[in-house]
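All remarks here apply to the structure that follows.
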Amino acid sequence: MKSYILLVVTIFCFLNATGQKFEQLAKTPPMGWNSWNKFACNVSEDLIMQMADAMASSGMKDAGYEYVVIDDCWQVDRDANGEIVVDQKRFPHGIKYLADYIHSKGLKFGIYSCAGSMTCAGRPGGRGHEFQDARTYARWGVDYLKYDWCNTTTQNAKSSYITMRDGLFAARRPIVFSICEWGTAKPWEWGKEAGHLWRTTGDIVDRWDAMISIVDKEKDLAKYAGPGYWNDPDMLEVGNGGMTTEEYRTHFSVWCMLAAPLMAGNDLKNMADETSAILKNQELIALDQDSLGAQGFCYRDNGGYQIWIKKLAHKEKAACLLNRSDEEKTVQVDFNVLLKANDDYWSSEPYKLDDYKIRDLWEHKEVKPDKALISIKLPPHSVKVFRFIKRNNSL
């Protein structure tokens, strides 16, 4: 009996210790790059190494992007022992070699699998091999796991992801766990128990209407996000060609207001200057990575025009004016109203507009209006993003 109790206590202490490691990850939304949006199944060792090189040399790493993630199609089979088999033609040196190369660049390495029997591209999934795969990923040096939801038939989502979580705990390597369940089982209600981020919708598509429809589904989810646990509206399409530069600025701005993971999905080796400027906008990234970890919320919705507010650390705040319509809009903006939005957060101390600098985060300059109420023109599908910075604070 004593031996049994000792075993139970040992297992409990082990899981508790590994769980603590798990909870120290992703204190701000993960930033990185994923292969799927641009390259789909056309992945290889050479391609991923080139993207790692480009992330390090292009300024993306310096801007905060750190994970290089291979999505689907790196795996082809399982061997007689059930071990996942890597496509040797595309990854001739194996995955550990690739992970070591990415780590040598000061970056972190991510990989993809699926909770079902097969991945979305029909490759071997993780069902029934969760603990085995977790040990393999830990041995390879994986830092981030995206876990999809294809070919799951009657599986229970929460149980399936917790099983994989337990496998990661047992493997004893801290790995950020990305739940890619598409929002069908409301993962925001249980995701904290299983992982660090959870997809809230189906896949993004590189079109304005598809992107903005995802934004609509985030409006009521802010209360579920915070340091270590994030709503994930899917990866970025910035630079992939399906939207205008203005629309990509809006896409990036709203993701930052939502405290969303910022996983670039373009060809990092061949970025246009406009794409680079969007993805490396440090003032927008600072909103996304703010230590308070508050997801922005829709403060005002007038159909084609919305105001989104994001609370920030040090009693600061950001406001995003979003023109969703197909026509230019002239809007009346009262900075006093924007500053006072969500009064419960500010009620602990008096506040005055004079105590704040107003910063335009795309123009990269301070706004000094003659009066609090001004008119602003917003082109179709565009945003204005302002930050209220306390005058005794510095960014």
Extreme residue, nearest to Leu287 (Cα to Cα), among residues of segment 195-232 that are touching a Pro at 6+ places or on another chain (Cβ under 8 Å) and of a type in the set (A, V, I, L, M, F, W, C): Trp230
Leu262 vs. criteria more than 22 Å from Ile48 (Cα to Cα) and either out of contact with any helix residue (DSSP H, G or I) (no Cβ under 9 Å at 6 or more places or on another chain) or modelled with pLDDT of 95 or more (or both): no
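Return the residues of segment 95-115 that are of a type outside the set (A, V, I, L, M, F, W, C) and in a helix (DSSP H, G or I); say none if nothing qualifies.
Once the filter is applied, which keeps residues that are of a type outside the set (A, V, I, L, M, F, W, C) and in a helix (DSSP H, G or I), segment 95-115 yields Lys96, Tyr97, Asp100, Tyr101, His103, Ser104.
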Pairs with Cβ under 8 Å, 6+ apart, first in segment 43-59 and of a type in the set (Gly, Ala, Ser), second crowded, with 16+ Cβ neighbours inside 10 Å and in a helix (DSSP H, G or I): Ala52/Tyr101; Ala52/Ile102; Ala54/Met60; Ala54/Leu268; Ser58/Leu268; Ser58/Ser276; Gly59/Ser276
Among the residues listed as Ala260, Ala277, the single one being assigned to a loop (DSSP other than H, G, I, E, B) and either free of Cβ contacts under 8 Å to residues at least 40 places away in the same chain or crowded, with 22+ Cβ neighbours inside 10 Å (or both): Ala260
Residue within segment 130-147 that is assigned by TED's automatic domain parsing to the domain that holds Ile214, surrounded by fewer than 24 Cβ atoms within 10 Å (Cβ to Cβ), at pLDDT 95 or above and farther than 22 Å from Phe22 by Cα present: no
Entirely in segment 116-230, the helices (runs of 4 or more DSSP H) that have 3 or more residues that are in contact with a strand residue (DSSP E or B) (Cβ under 8 Å, 6 or more places away or on another chain): 130-140, 157-171, 191-194
Cross-chain or 6+ apart pairs with Cβ under 8 Å, segment 319-343 first and more than 12 Å from Val383 (Cβ to Cβ) and acidic (Asp, Glu), then assigned to a strand (DSSP E or B) and at pLDDT 95 or above: Glu328/Lys377; Glu328/Leu378
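Matching residues to (1) modelled with pLDDT of 50 or more; (2) not in a loop (DSSP other than H, G, I, E, B):
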position: Tyr4; (1), (2): no, yes
position: Leu7; (1), (2): no, yes
position: Ile11; (1), (2): no, yes
position: Phe14; (1), (2): no, yes
position: Thr18; (1), (2): no, yes
position: Lys21; (1), (2): yes, yes
position: Thr28; (1), (2): yes, no
position: Lys38; (1), (2): yes, yes
position: Cys41; (1), (2): yes, no
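State the number of residues belonging to segment 50-92 that are aliphatic (A, V, I, L, M) and in a strand (DSSP E or B). Walk me through how you get there before you give the answer.
Keep residues of segment 50-92 that are aliphatic (A, V, I, L, M), which gives 51-52, 54-56, 60, 63, 68-70, 76, 80, 84-86.
Okay, now just the ones that are also in a strand (DSSP E or B), so 68-69, 76, 84-86.
Counting residues in segment 50-92 that are aliphatic (A, V, I, L, M) and in a strand (DSSP E or B) gives 6.
The values are calculated or read from the model by the stated rules, or taken from the named source; none is laboratory data. In this text, all values refer to a predicted model and were calculated from it rather than measured experimentally. FYI the Cβ positions are ideal-geometry reconstructions off the backbone, even for glycines, and counts take in every protein chain you see.
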